[in-house]
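**Student:** Encoded as structure tokens, here's the structure I'll be asking about.
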């Protein structure tokens, strides 16, 4: 049984908190965490929590708690600094609409040196929102260049109300809203001691925000806040008193949302990281099927383990039948570590139709009445082959533990199909259980049928896999024994010898191979040899790439709108750069493709303040019947015929241009090999040997300045295509 290990895509949110986007301390785990390079100090004193944050340890910061819930603080030549002190609440328990009172009384002496501001800040959850009530500021009035949406007068002071979105620089799932109430006052005097005191009625600001159409959530914390940016200064909070009164139900605005799931302790995590396991040996009210007139029954006709599975059917004219598991957020244990928001899911599926069908797995957020899908997050997809069990395993998804929404994990077929589901699971996505990338790392090497032992039944499975793979795929796992991601006679020989006790073990190949599914980037050879795969398809086995330590690779793609793959050596940041004369390029490959394809050797060479980008087109296909190269070089007046390693190429040299920012002059040279080597939907063998010094001869006659190769690689570009590129050799030496 092969253990498929998924690369943990660590979208770990760093605490990049530029002034105006606010700071990162005391932020709920579901929103953002601080950068590991930042200084953080937090604790609790006399029932008040405090947080001190200094971005990148820049400058000098001193902080000390004092009597009457106060503190003293000083900062010198900092980049971004904040200190907060106040009250916190259990997450998602107290709605802002339930407050009958929320007041912050303070007495502060502050000597600002520039862009400081003080007031109240805190967090709402559901929706995640940072809020600020600014009482005073120095040289900069927050939130900057943002238009006010409303105003409010509280205790005789006029405030402007603003709403903006965070700008963390990360993906949209990490964005949050920011609400501001900023007092209309004169700024603080810089370089002098300023005394300010008073009572901030936070509840009146909550009401004003609600009246302005801003959604309030559950209170995570309410704290006195002091923030500074690129300045030096000091402050003494002489006293702080926060009082509040909370009702059982909403006092104003919206009603408190209902939790669709009953609160309970999370399920335990077993030794393999599994949290939820469904074997379909009995009825389970959390599993079901989606689709008009689709049906699902527990069946003993076919199963992967034990004696039963779920059989799902759908009349072909009515669309696809999707299996789902109703996910109770309380079932999944949370972690203080950011990796605690990652989980894995999978199942065994038997495709009962005559055609291969792809299944896409999604985490779906929905509401019952009316049935509305609010959010669909793709976890990955797998092709389930006709007439056999497929292990859909280790598909990673993120989960925010928002207990006010309903969720389903859904397996959606790409076409109408009858199928069986067995051994569904959800597991922890912590690195302990989710490490690296797909590798040949079987639980029992040679156990192809997954029964835990290696015997003659595995030999039968290996023979079937070899027959099924002949002339179809270049990458196979079903009959792979030696770890090269192929199903061939060498696997059968190794397995047969082991079963007959002729050999005592099944050796792995000397050259380690890894299997990448979907979009990926990886490196070998101390990071110099790299591979990059892109098709906007995460964890999708329609895109499979085997990357080997010797630099060779196999790429396989099926029915994708576009696909690019580059195997290259990167010397941009390396002290191991070489001159072009030291690079001999050798490759040998078998290639097959439909529709558009372009196979290009490309790279960048620098020579002082000059650089060359070269593109050597070794072959390609176009959408039309017209030959790719004939179409490209139809007007031969734009090209010169040259020779590289005895082969003729059409050469086009672009006009040298200057980059005004870097001062570099850049030139592009393209070479198109005469006599296209690739034919539509035919397996073609390509090989060549080139020396970069020949390429340099068409660019520069200056041999006194030493040129250096910054990057060199083989690039594949396809559109609306299926095919493979099997490189048994690719060397840049």
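**Student:** Of the conditions (1) over 27 Å from residue 570 (Cβ atoms); (2) within 36 Å of the chain's Cα centre (by Cα); (3) at pLDDT below 85, residue 675 clears all except one; give me its number.
**Tutor:** The number of the failed condition is (2).
**Student:** While we're looking at this one, here's another question. From 91, 85, grab the single residue that is assigned by TED's automatic domain parsing to the domain that holds residue 133 and modelled with pLDDT under 90.
**Tutor:** 91
**Student:** In this structure, is residue 249 outside any strand (DSSP E or B) and closer than 30 Å to residue 105 by Cα?
**Tutor:** yes
**Student:** May I pose another question? Would you mind telling me which numbered condition in (1) surrounded by fewer than 18 Cβ atoms within 10 Å (Cβ to Cβ); (2) outside the structural domain of residue 548 (by TED's automatic domain parsing); (3) at pLDDT below 85 residue 476 fails?
**Tutor:** (1)
**Student:** Looking at the stretch 694-708 only, could you name the residues that are within 16 Å of residue 645 (Cα to Cα) and either modelled with pLDDT of 85 or more or in contact with a strand residue (DSSP E or B) (Cβ under 8 Å, 6 or more places away or on another chain) (or both)?
**Tutor:** Residues satisfying the conditions are 694, 695, 696, 698.
**Student:** From the residues in the stretch 184-221 that are part of a strand (DSSP E or B) and within 40 Å of the chain's Cα centre (by Cα), which one is surrounded by the fewest Cβ atoms within 10 Å (Cβ to Cβ)?
**Tutor:** Only one residue fits best here, namely 221.
**Student:** Let me ask you something else. So if I check each of 129, 93, 68, which one is touching a residue at least 40 places away in the same chain (Cβ under 8 Å) and under 22 Å from residue 194 (Cβ atoms)?
**Tutor:** Of 129, 93, 68, the one residue that is touching a residue at least 40 places away in the same chain (Cβ under 8 Å) and under 22 Å from residue 194 (Cβ atoms) is 68.
**Student:** Which one of the conditions (1) surrounded by fewer than 16 Cβ atoms within 10 Å (Cβ to Cβ); (2) touching a residue at least 24 places away in the same chain (Cβ under 8 Å); (3) farther than 20 Å from residue 430 by Cβ does residue 300 fail to meet, given that it meets all the rest?
**Tutor:** The number of the failed condition is (2).
**Student:** Residue check, residue 239 against (1) assigned to a loop (DSSP other than H, G, I, E, B); (2) touching a residue at least 40 places away in the same chain (Cβ under 8 Å), all met but one. Which one?
**Tutor:** In the conditions (1) assigned to a loop (DSSP other than H, G, I, E, B); (2) touching a residue at least 40 places away in the same chain (Cβ under 8 Å), residue 239 misses (1) alone.
**Student:** Here's another thing I want to ask about it. Please verify whether the stretch 107-122 includes one or more residues that are farther than 24 Å from residue 228 by Cα, in a loop (DSSP other than H, G, I, E, B), touching a strand residue (DSSP E or B) at 6+ places or on another chain (Cβ under 8 Å) and modelled with pLDDT of 95 or more.
**Tutor:** No: the stretch 107-122 contains no residue that is farther than 24 Å from residue 228 by Cα, in a loop (DSSP other than H, G, I, E, B), touching a strand residue (DSSP E or B) at 6+ places or on another chain (Cβ under 8 Å) and modelled with pLDDT of 95 or more.
**Student:** With 140, 123, 53 as the choices, which residue is crowded, with 22+ Cβ neighbours inside 10 Å and in contact (Cβ under 8 Å) with a residue 60 or more places away in the chain?
**Tutor:** Within the list 140, 123, 53, the selection yields 123.
The values are calculated or read from the model by the stated rules, or taken from the named source; none is laboratory data. Remember, it's a predicted structure, so these values are computed and weren't measured experimentally. Neighbour counts are summed over all protein chains in view; Cβ atoms, including those assigned to glycine, are modelled from backbone coordinates with ideal geometry.
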